[in-house]
1. Answer yes if at least one residue in region A:202-212 is touching a helix residue (DSSP H, G or I) at 6+ places or on another chain (Cβ under 9 Å), crowded, with 21+ Cβ neighbours inside 10 Å and closer than 30 Å to A:Pro166 by Cβ, and no otherwise.
2. Scan region A:87-95 and give yes if some residue there is within 14 Å of another protein chain (Cβ to nearest Cβ), among the aliphatic types (A, V, I, L, M) and touching an Asp or Glu at 6+ places or on another chain (Cβ under 6 Å), otherwise no.
3. Take the residues in region A:174-201 that are at the interface with chain B (Cβ under 8 Å from one of its Cβ atoms) and within 28 Å of A:Met55 (Cα to Cα); name whichever of them is surrounded by the fewest Cβ atoms within 10 Å (Cβ to Cβ).
4. Filter region B:8-38 down to the residues that are of a type in the set (D, E, K, R) and loosely packed, with under 15 Cβ neighbours inside 10 Å and list them by number.
5. Residues that are more than 19 Å from B:Thr29 (Cβ to Cβ) and of a type in the set (S, T, N, Q), at least 1 per element: which helices (runs of 4 or more DSSP H) completely within region A:73-188 meet that?
6. Tell me the residue from A:Ser64, A:Ser86 that is touching a residue at least 40 places away in the same chain (Cβ under 8 Å), more than 20 Å from A:Ser199 (Cα to Cα), among the hydroxyl-bearing types (Ser, Thr, Tyr) and touching a Ser or Thr at 6+ places or on another chain (Cβ under 7 Å), please.
7. Condition check: facing chain A (nearest Cβ under 7 Å) and either within 18 Å of the chain's Cα centre (by Cα) or in a helix (DSSP H, G or I) (or both). Does B:Ala25 satisfy that?
8. Which numbered condition trips up B:His47, out of (1) more than 8 Å from chain A (Cβ to nearest Cβ); (2) under 29 Å from A:Tyr7 (Cα atoms)?
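Laboratory data are not the source of any read-out in this text; all were calculated from the coordinates shown. Every value quoted in this text rests on a predicted model; they were computed, and no experiment measured them. A quick note on method: Cβ atoms are made from the backbone with ideal geometry, for glycine too, and the neighbour counts reach across all protein chains shown.
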Amino acid sequence: MHIPDGYLGPYTIVATWLIMIPIWVYSARRLGRELRSRQVPLLALSAAFSFVIMMFNVPIPGGSTGHAVGGAIIGIVLGPWAAVISISVALVLQALMFGDGGITAIAANCFNMAVLMPFSAYYVYKIISGNSEVTSGRRTIAAAVAGYVSLTLAAAMTGFMFGIQPLLHRDAAGYPLYMPYGLSVTLPAMIIEHALGFSFLEAIVTALIFAYIQRADPSLLSYGRPSRA
Amino acid sequence: MDRTTKKMLAALAVLTVLVPLGLLATGETFGEWGAEEVKEKLGYVPHGIESLGSLWSAPIPDYSFPGAETFAESALAYIASAIIGVAICAGLLYIIGKKLTAGRSD
């Protein structure tokens, strides 16, 4: 899901940077306001975890490979604003140091994996959880569904960004300048691969870590709850 | 650092050593093709992919070092990349987090 350089044209590149810069600034402010000092090690671990989990490429039938992101569990536990910063750090490092994802596409990749993903995961988790106990099985399921839905959404948005390129940019002879495939190819490709494959992996990773925290230290799961200690 | 954080740190260390498992998956990823792969698919390379594809020379491209050819060498390079990634991500956010929460006791 890491869009490389050369696949997105200037309109999409500029638009995504214009969207992301204020989001990064605001997220940093919210993080500064909301972060508790005992959460600092968890914040540091979360970015490192996201970095490493993305290195676990898994194959799916059809010859494609992909990975989980870890964006859902981070959004649920630390809150979506902290997740924006945490996952963005991992994505920027991947692009600059390892050439994984383009540098012009950093904003697009961050929007999909570091914004859309933790926010959608957080709200799906919240809606399904309702007023249930922090340690309830319902919340474990909510976390799994949040992982599944959020990675699928991020993949769909990636497919959308890819697919609009032939509509936006063609050379004089009519050939696409950037991503050559249109929405009718990119949307199904991205959505099906994830909805039938990688999103299940994200769901399992999210639920496993969530269930562990539920048993080990449920006080870590207090983000967004009225009785914050 | 409390017990839960220590355990998670241990789990992260285990994951870091196990990353070469991620190298076993061979195959392409949609939309992450190199210029040659695009040429094979379409018969031509879109101008943007050709001209921007090598815009950035990453110091450790594809989590691998030059000369890493056997699986063992690639695996070691992959683990080293993971260690670098973990150290920078965790270190940077630890420093940011400490600054943001300076003077707080919660």
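1. Checked region A:202-212: at least one residue is touching a helix residue (DSSP H, G or I) at 6+ places or on another chain (Cβ under 9 Å), crowded, with 21+ Cβ neighbours inside 10 Å and closer than 30 Å to A:Pro166 by Cβ.
2. Looking for residues that are within 14 Å of another protein chain (Cβ to nearest Cβ), among the aliphatic types (A, V, I, L, M) and touching an Asp or Glu at 6+ places or on another chain (Cβ under 6 Å), one finds none in region A:87-95, hence no.
3. Looking at residues that are at the interface with chain B (Cβ under 8 Å from one of its Cβ atoms) and within 28 Å of A:Met55 (Cα to Cα), I get A:Ala189.
4. Hits for region B:8-38 are B:Glu28, B:Glu36, B:Glu37.
5. Numbers: elements: A:80-98, A:106-110, A:117-129, A:137-163, A:165-168.
Counting at least 1 such residues, we get A:80-98, A:117-129, A:137-163.
6. A:Ser86
7. It is true that B:Ala25 is facing chain A (nearest Cβ under 7 Å) and either within 18 Å of the chain's Cα centre (by Cα) or in a helix (DSSP H, G or I) (or both).
8. It fails just one condition, (1).
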